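> Dropping a structure here in structure tokens format, bear with me for questions.
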């Protein structure tokens, strides 16, 4: 009888551990675990963008790396981070409602952002050989699945219409 109880207890523990390991984390926690999105996550925290932390989604995030942010002029980025409205715009300009995997991108051509000041603005999706671009950014890694959507890692920061025209040029 004790052996049966011990086996049942062990089975329940293993089952709960397996279930915990199989659950995907949300977009915010997935970016945090990756370690190379600290600037974007800092902007998310400053913008109090709870959607990435708590809302069930589904969202598609085009996530700029720290290297992408390093391409921006420091004074420009400092100015954005100091302005609550602009930092919120920047965060939400990278997010679109709905979960779009890489295989879905060719059919989309464009998608709306959640940016409050550019409500009608669309991110243009283009195919470059077997790779994709969103706006001026190349997708470096696609289909990073999270519990509330999907992340596509990009090599440039997407900028709303209020950004200086000189910063809106495509990356090489």
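> Return yes when residue 145 is buried (at least 19 other Cβ atoms within 10 Å of the Cβ), within 15 Å of residue 31 (Cα to Cα) and modelled with pLDDT of 80 or more and no when it is not.
Numbers: buried (at least 19 other Cβ atoms within 10 Å of the Cβ): no; within 15 Å of residue 31 (Cα to Cα): yes; modelled with pLDDT of 80 or more: yes.
Taking the combined requirement at face value, the residue does not satisfy it.
> Between 92, 69, 59, which is out of contact with any strand residue (DSSP E or B) (no Cβ under 6 Å at 6 or more places or on another chain), under 23 Å from residue 25 (Cα atoms) and surrounded by 14 or more Cβ atoms within 10 Å (Cβ to Cβ)?
Just a single option satisfies the conditions, and that option is 92.
> I need every pair where a residue in segment 53-75 that is at positive phi and modelled with pLDDT under 95 has its Cβ under 8 Å from the Cβ of a residue that is surrounded by 18 or more Cβ atoms within 10 Å (Cβ to Cβ) and in a helix (DSSP H, G or I), sequence separation at least 6 or different chains.
Listed pairs, sorted by first residue: 57/27; 57/51.
> If you go through segment 5-26 one residue at a time, do you hit one that is modelled with pLDDT of 90 or more, surrounded by 10 or more Cβ atoms within 10 Å (Cβ to Cβ), in a helix (DSSP H, G or I) and touching a strand residue (DSSP E or B) at 6+ places or on another chain (Cβ under 8 Å)?
No, segment 5-26 contains no residue that is modelled with pLDDT of 90 or more, surrounded by 10 or more Cβ atoms within 10 Å (Cβ to Cβ), in a helix (DSSP H, G or I) and touching a strand residue (DSSP E or B) at 6+ places or on another chain (Cβ under 8 Å).
> Between residues in segment 24-37 that are at negative phi and touching a residue at least 60 places away in the same chain (Cβ under 8 Å) and residues that are assigned to a loop (DSSP other than H, G, I, E, B) and surrounded by 20 or more Cβ atoms within 10 Å (Cβ to Cβ), which pairs lie under 7 Å by C-beta distance while being six or more apart or on different chains?
From segment 24-37, the pairs are 26/148; 27/148; 31/37.
> Of all residues in segment 103-140, how many are in a strand (DSSP E or B), touching a strand residue (DSSP E or B) at 6+ places or on another chain (Cβ under 7 Å) and either loosely packed, with under 14 Cβ neighbours inside 10 Å or at pLDDT below 80 (or both)?
Looking only at that region, the number is 9.
> Against the definition (at pLDDT 90 or above, more than 20 Å from residue 150 (Cα to Cα) and surrounded by 14 or more Cβ atoms within 10 Å (Cβ to Cβ)), how does residue 41 come out, yes or no? Lay out the reasoning, then the answer.
Values: at pLDDT 90 or above: yes; more than 20 Å from residue 150 (Cα to Cα): no; surrounded by 14 or more Cβ atoms within 10 Å (Cβ to Cβ): yes.
Answer is no for this residue.
> If residue 78 satisfies all but one of (1) under 17 Å from residue 160 (Cα atoms); (2) surrounded by fewer than 17 Cβ atoms within 10 Å (Cβ to Cβ); (3) at pLDDT 90 or above; (4) touching a helix residue (DSSP H, G or I) at 6+ places or on another chain (Cβ under 9 Å), what's the number of the condition it fails?
All conditions are met except number (4).
The values are calculated or read from the model by the stated rules, or taken from the named source; none is laboratory data. In this text the structure is predicted, and so the values were computed from the model without any measurement. Ideal geometry is used to build each Cβ from the backbone, glycine not excepted, and the neighbour counts take in all protein chains shown.
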